[in-house]
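Data block below; observations after.
Read-outs throughout are calculated quantities, based only on the coordinates presented, and are distinct from any laboratory measurement. Predicted, not measured: the structure shown is a model, and the values here were computed from it. Note that we place each Cβ from the backbone using ideal geometry, even for glycine, and neighbour counts take in every protein chain shown.
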């Protein structure tokens, strides 16, 4: 029976080459996107699978809310929380405390100096996580102060083929002993490190651990992981965490910090938290990609259904004969399902080749993707691919198979296209409308999104970014570097800043006005006196910093308009606000200037209260270099030479401000590229289906066309006659898709962006024009071909 199905399917494919090509190619293109999404989701769901206790490991996450401020969620928490959990909460099998932020130049000898980043980890680290040690004892490797565990790759980089265990590394004036060599961290791990430094090193510095580091509200750098026993009651653990939070929050003013549990399996693909220690992606992004792939595959399935039903006259005769000689409904159903599955499996072979090409392009869209997943083929992935191809084949062939299995021998000459799913609308017409509605939605989404993206990166930020090169100082002397750069003719001005604003980097603190109890979170940037003039910030009152304060002895602050509004300082009058006192980080500062509001964060966020303070750290932050040159490559080479005079270890890290802004919105650019690519595939697949339908219609109406031509019909009239039905369907699709696209952006997407452009009629109409022109090209070419046939040859047998 199966052999008969396959033989009949092969004959049908060979006999209908054009329709077979359209179906196989359309399915292959759409399935390649499906394969990409399956590989992407498989990698995300496989994160941390190598951890033996994966199902029992939980991270403690933090919710932070100040009075009058929105709630913020952090993946990090405080050192004090980690210690209190160990001391006061029972029912926990193991716990470990990690802190990020260790970095420096590892010095093996005078010739070998390598920049190294590491995590601080306590001695329970290897009891919680499965990172096997190739050398060293996991129970004691991180026990003593100044102990260091290197990964295999890092040890090779530092010591070559020499055994590194027991050797020493120097960071500045401190010496660390290598107590373990760990296997390299797998890519699909949310924790990634080059080295681990014993947490006991921090604990040995009593002044640090007894001070700010140990406070309950210092929640930004530390991570706590717990291993719960088998069948542990999470609700009981959570209740204990709530009691601990309530107890500690009673000592805080106007602020509430609460702890909760997050499963290890929900970190890479789960709720987004600030201060993530490794790569993660919100589930909504993954499901959007899966939804897009599903829509594309569905469109290709519609093609198969449409073309199968369009050829119902030919195939129904075959079915009628089969039934006359004894075939049952189940036999006919099996025949057509086998044929569609065979086509899907043939398409799978082509789609795997397309997947290998798309995989490279997809990972190149954004460095984040390449860092997040590998998309490598595996036996499990191949099984998923086969399962998907089989499911697609069954889905595509179900309606045609069901239709053909239900006809009887007396109906073999009936036109199957008369099946109705809506009143006066045939199944074929309904599928065409759905396909082109989807295509129009994708195209209009791409056009609207592109306009918004361009407006984001070209928006007036409230200060200038043109020809400003931001150079990360990387622990060097900013004074020496400024001196070297100032000697270059192309360098016109130099300033310093702690962070580069408008890119999404945030630095903040709480601030109070006078002696009021009311406090608010205020965003900060620490800058020197040259920063505001170089970036052309507009003063609406007051002046720039007048003196360079001694570190820790600031007296002045410059604020924006929103800060005056937040505290109602001098009734929001900028001139009267000069000289008023505010308190932040325990320092009373006088307002000496008020600048016009500008975009401190990215443009999806509203402008909030912000302040400039003087930057006195000699070795941190950035130099902002204003450049004027006609020889940009030569100037950059000169800047690199100046850098090498100061730092022979670290490469120059310098980027133009405008490029950084474009990169800050790269996630939107990436999404636009993905949606644009999907839109291209959707219109291609829809057009393939339309092409097949036009060819079939022209073939079935060829004699009608010839008779009309003999009676005097023009080619233009014939094109209109055959195309008006299709164009009517496309117009109906446009009437459905364009309002939906407008509503989706206006009421769902753009409400999340404080500053966006209104949706123009041009983006909506352009998508309809593109589809209409492409459809006219397809319809017109085939209709004209039919209209130009010699009627004598067509009608000679009549």
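A compact table of results
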item: Residues 724, 359 arranged by fewest to most Cβ contacts within 10 Å; result: 724, 359
item: Rounded if a/c under 1.5, otherwise prolate or oblate - the chain, Cα gyration tensor axes; result: prolate
item: Cα-projected label distance for residue 509 with residue 588, points at 7 Å along beta-carbon direction, nm; result: 1.6
item: Separation in nanometres of the label points that stand 7 Å from Cα toward Cβ, at residue 379 and residue 649; result: 4.7
item: Rg/Rg_ref, segment 699-778, where Rg_ref = 2.2 N^0.38 Å and atoms are Cα; result: 1.66
item: Equivalent ellipsoid semi-axes - Cα gyration tensor, segment 54-266, angstrom; result: 33, 20, 14
item: Listed peptides 243-253, 780-790 by packing density, highest first (mean Cβ within 10 Å); result: 780-790, 243-253
item: Peptides 682-688, 726-732 ordered by average Cβ neighbours within 10 Å, highest first; result: 682-688, 726-732
item: Burial order of peptide ranges 471-484, 522-535 (average beta-carbon count within 10 Å, highest first); result: 522-535, 471-484
item: Paramagnetic reach from residue 203 in segment 74-95 [backbone N under 13 Å; point 7 Å along Cα→Cβ]; result: 80, 82-84, 86-87, 95
item: Three semi-axes of the equivalent ellipsoid, segment 130-199, Cα gyration tensor, whole Å, largest first; result: 18, 14, 12
item: For segment 543-700: rounded, prolate or oblate by the Cα gyration tensor [a/c cutoff 1.5]; result: oblate
item: Average Cα contact separation per residue, the chain, under 8 Å, 6 or more apart, as relative contact order %; result: 15
item: Residues 297, 550, 540, sorted so that the one with the fewest Cβ neighbours within 10 Å comes first; result: 550, 540, 297
item: Prolate/oblate/rounded call for segment 616-770, Cα gyration tensor, a/c under 1.5 rounded; result: prolate
item: DSSP bridge orientation in the chain - percent antiparallel, rounded to nearest 5; result: 80
item: Order of 583, 635, 88 - criterion: other Cβ atoms within 10 Å of each residue's Cβ, fewest first; result: 88, 583, 635
